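Here is the structure we will look at.
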Amino acid sequence: MAERLDDDAVDRRLPEGWERDGDEIVRVYEFDDYLDGVSFAGTVGEVAEEAFHHPEIVVRYGEVEVRFTTHEAGGITEKDLRLAGLCNDEY
């Protein structure tokens, strides 16, 4: 099982554009076109499936919110930070 990171480790390594929300990390990506957001959400889903680590994804008009946490660790782990970085790479 992945180990939960302490607050300082998370704050130091949080990928650009991401912020903490309790035991989760969250980023809202903005899009000019709804279908571009839907496509991005699908890509994030594919990346998450490959890693077998699934975020909460909310698609709204003009934005997609992505949240990561590791439930079995009770907070944020290395896996969450790594996948957040991969989401940034896809944006």
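Nothing in this text is a laboratory measurement; each read-out follows from the coordinates by a stated rule. Please read these numbers as outputs of a predicted model, since none were measured by experiment. As a convention, Cβ positions derive from the backbone with ideal geometry for all residues, glycine included, and neighbour counts pool all protein chains shown.
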Exercise. Give me the compactness ratio for the stretch 49-91, meaning the Cα radius of gyration over 2.2 N^0.38 Å.
Key: 1.19
Quiz item: With r defined as the distance between the Cβ atoms of residue 78 and residue 56 and R0 fixed at 22 Å, what FRET efficiency is calculated, to the nearest 0.05?
Solution: 0.70
Practice problem: Provide the three semi-axes, in whole Å and in decreasing order, of the ellipsoid equivalent to the chain as defined by the square roots of 5 times the Cα gyration tensor eigenvalues. | Solution: 23, 13, 10
Quiz item: What residues have an amide H closer than 5 Å to that of residue 77, excluding those fewer than 5 places away on the same chain, when H is modeled at 1.01 Å from N in the peptide plane?
Solution: 5, 70
Practice problem: Enumerate the calculated ³J(HN,Hα) couplings along the stretch 67-79 in order (Karplus 6.51 cos²θ - 1.76 cosθ + 1.60, θ = phi - 60°), each rounded to whole Hz, writing x wherever the residue is Gly or Pro. | Solution: 10, 10, 7, 10, 4, 5, 8, x, x, 8, 10, 4, 4
Quiz item: How high is the FRET efficiency from residue 11 to residue 33, r the C-beta distance, R0 30 Å, rounded to 0.05?
Solution: 0.35
Exercise. Among 26, 47, 64, rank each residue by its count of other Cβ atoms within 10 Å, from fewest to most, as a rough exposure measure.
Key: 47, 26, 64
Self-check item: 222 nm mean residue ellipticity, helices alone, for the chain (DSSP H n ≥ 4; -39,500 (n - 2.57); rounded to 500)
Solution: -13000 deg cm²/dmol
Quiz item: Angle between the Cα long axis of helix 34-51 and the longest principal axis of the chain, 0 to 90 degrees, nearest 10?
Solution: 30
